[in-house]
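Take a look at the structure below.
The values are calculated or read from the model by the stated rules, or taken from the named source; none is laboratory data. Since this is a predicted model, take the numbers as computed values, not measurements. Note: ideal-geometry Cβ built from the backbone for every residue, glycine included; neighbour counts use all protein chains shown.
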Amino acid sequence: MMPEEINRLLTDHVSDFLFCPTPTAVRNLNAEGIGVPASQRVFLVGDVMFDALLAARGKALRLSRSLLCRHGLARGRYFLLTLHRAENTDYPDTLRRIFIALSSLACPVLFPVHPRTEKIIGRFRIRVGKNIRIIPPASYLEMLCLEANSLKILTDSGGVQKEAYLLGVPCVTLRTETEWVETVHDGWNIVSGTEGENIIRSIERPSPDRPRRPVFGDGRASEKIAAIIDAL
């Protein structure tokens, strides 16, 4: 179990009220015996990240022409990479395997690098292919724009996995597990692990032809939370 998951479990158990983003989250809480009766403590409201994305998407997409031009990219003709989790970056051999695999791709890979990851790449002299374009960290609006215009997203970030699903962009998760299992069920997210062959196989898998379900709500989670609190 990831460290943040342990913190989430502890927080769940000491909280008076829990506002859940998905039905899966509600089932998990019920399985832990939290909220008896659940209707007085656990509420299914949707994901506030969806609210934020909907509010920012228009402004983010207006950046498309200038941002893609700045990086010499075309819409749907590059992969977007994020890589920062300790399970990947704290193990040089794991990081090398990932970059060896990604360096073999024909399409450009745009990599807004996390400062910690950049430091580790330098410390262990990890080779990064010429197709991988390292840029400074991007702002929230820039990331949404780069995500929405990419061919596929390659990431070890939970939040980026979710944004990929909400934007309708196929995602490959460079980990052995994901906390957002809903993104996997319809084929929009593939958990590849960190072995090179599995990464390449996952990236080359055809894009999903099934629609995405509204598993993260309707984009009004914050309104629902405010209404529930106001009524307590």
With over 15 Å from the mean Cα position of the chain (by Cα) and either assigned to a helix (DSSP H, G or I) or crowded, with 17+ Cβ neighbours inside 10 Å (or both) as the only criterion, which of Arg213, Arg201 stands out?
Arg201
Give me a count of the residues in the stretch 216-232 that are crowded, with 17+ Cβ neighbours inside 10 Å and assigned to a loop (DSSP other than H, G, I, E, B).
3
Condition broken by Leu80, with the remaining ones in (1) modelled with pLDDT under 95; (2) surrounded by 11 or more Cβ atoms within 10 Å (Cβ to Cβ) satisfied
(1)
Run down Val160, Val215 and say which single residue is in contact with a strand residue (DSSP E or B) (Cβ under 7 Å, 6 or more places away or on another chain), under 28 Å from Pro3 (Cα atoms) and of a type outside the set (Lys, Arg).
Val160
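State the number of residues belonging to the stretch 57-102 that are outside any helix (DSSP H, G or I) and on the phi < 0 side of the Ramachandran plot.
17
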Scanning the stretch 171-228 residue by residue, those over 21 Å from Pro23 (Cβ atoms) and basic (Lys, Arg) turn out to be Arg175, Arg201, Arg205
Pairs returned, first residue in the stretch 214-229 that is closer than 19 Å to Thr24 by Cα, second residue that is hydroxyl-bearing (Ser, Thr, Tyr) and assigned to a loop (DSSP other than H, G, I, E, B), beta-carbon separation under 6 angstrom, 6 or more apart or interchain, are Val215/Thr22
List the strands (runs of 3 or more DSSP E) inside the stretch 109-160, counting only whole elements, that have at least 2 residues being in the same structural domain as Gly72 (by TED's automatic domain parsing) and surrounded by fewer than 16 Cβ atoms within 10 Å (Cβ to Cβ).
132-135
Name every residue in the stretch 162-176 that is polar (S, T, N, Q) and crowded, with 20+ Cβ neighbours inside 10 Å, in order of residue number.
Thr173
Mind telling me which of the residues Glu195, Glu179 ends up being surrounded by fewer than 19 Cβ atoms within 10 Å (Cβ to Cβ), within 17 Å of the chain's Cα centre (by Cα) and closer than 25 Å to Leu102 by Cβ?
Glu179
Can you tell me how many residues within the stretch 28-56 are at pLDDT below 90 and not polar (S, T, N, Q)?
10
Restricting to the stretch 171-198, and then to whatever is in contact with a Lys or Arg (Cβ under 9 Å, 6 or more places away or on another chain) and part of a helix (DSSP H, G or I), can you tell me which residue is nearest to Gly76 (Cα to Cα)?
Thr183
